[in-house]
Amino acid sequence: MSERTRQRVLVEQYFDGFRVSDNARILSTLTDDVVWVIHGHRITSGKTEFGEEIENPAFSGSPQLEVHRVLEDGNVVVTTGEGRGVSVEHGPFRFAFNDLFTFRVGLMARVDYYGVPLA
């Protein structure tokens with residue numbers, strides 16, 4: 001499998017993990033020192049902090065995620081899409097997202113997440 005194909009497979013695995021709340025699947029796509037920049041909200045460092053954020057008690061259930069586009073340039077994969085989730089405090093919500101994944105040693109070393117609420 002080419003490196004390019006492997007990166008796309010890991011991105012699919014990452015999103016599939018979120019869709020079914022399989023945190024081990026998500027974490028298996030990441031380097032141990034991964035940095036997750038959730039723009040406008042928080043920056044996590046390492047798998048432990050990443051795992052704590054994906055188990056955030058402010059949200060209920062698994063998000064519905066639809067990836068619209070996947071673009072790749074070298075060790076970077078960019079995705080755009082839309083999703084639905086449930087906030088414990090505010091109920092259901094919709095959002096558009098863009099994730100930029102930077103790979104190192106065949107795993108995601110940095111994830112930049114940009115999310116925008118939709119009506």
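Where a number appears in this text, it was derived from the coordinates with a stated rule and is not lab data. In this text the structure is predicted, and so the values were computed from the model without any measurement. Every residue, glycine as well, gets a Cβ built from its backbone with ideal geometry; the counts of neighbours run over all protein chains shown.
Structure above, values below:
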| quantity | calculated |
| --- | --- |
| Where a residue in the stretch 93-119 is more than 11 Å from His39 (Cα to Cα) and its partner, wherever it lies, is among the β-branched types (Val, Ile, Thr) and outside any strand (DSSP E or B), with Cβ under 7 Å and at least six apart | Phe101/Val11; Leu107/Thr29; Met108/Thr29 |
| Tally of residues being within 13 Å of Leu107 (Cβ to Cβ) and among the aromatic types (Phe, Trp, Tyr) across the stretch 3-35 | 1 |
| From Gly74, Gly85, Gly61, residue being farther than 15 Å from Leu10 by Cα and surrounded by fewer than 16 Cβ atoms within 10 Å (Cβ to Cβ) | Gly61 |
| Residues of the stretch 53-69 that turn out to be out of contact with any helix residue (DSSP H, G or I) (no Cβ under 7 Å at 6 or more places or on another chain) and not in a strand (DSSP E or B), as a count | 6 |
| From Tyr14, Tyr113, residue being in a strand (DSSP E or B) and surrounded by 14 or more Cβ atoms within 10 Å (Cβ to Cβ) | Tyr113 |
| Filtered residues of the stretch 66-92 (kept if in contact (Cβ under 8 Å) with a residue 60 or more places away in the chain and not aliphatic (A, V, I, L, M)) | Glu72, Asn75, Thr79 |
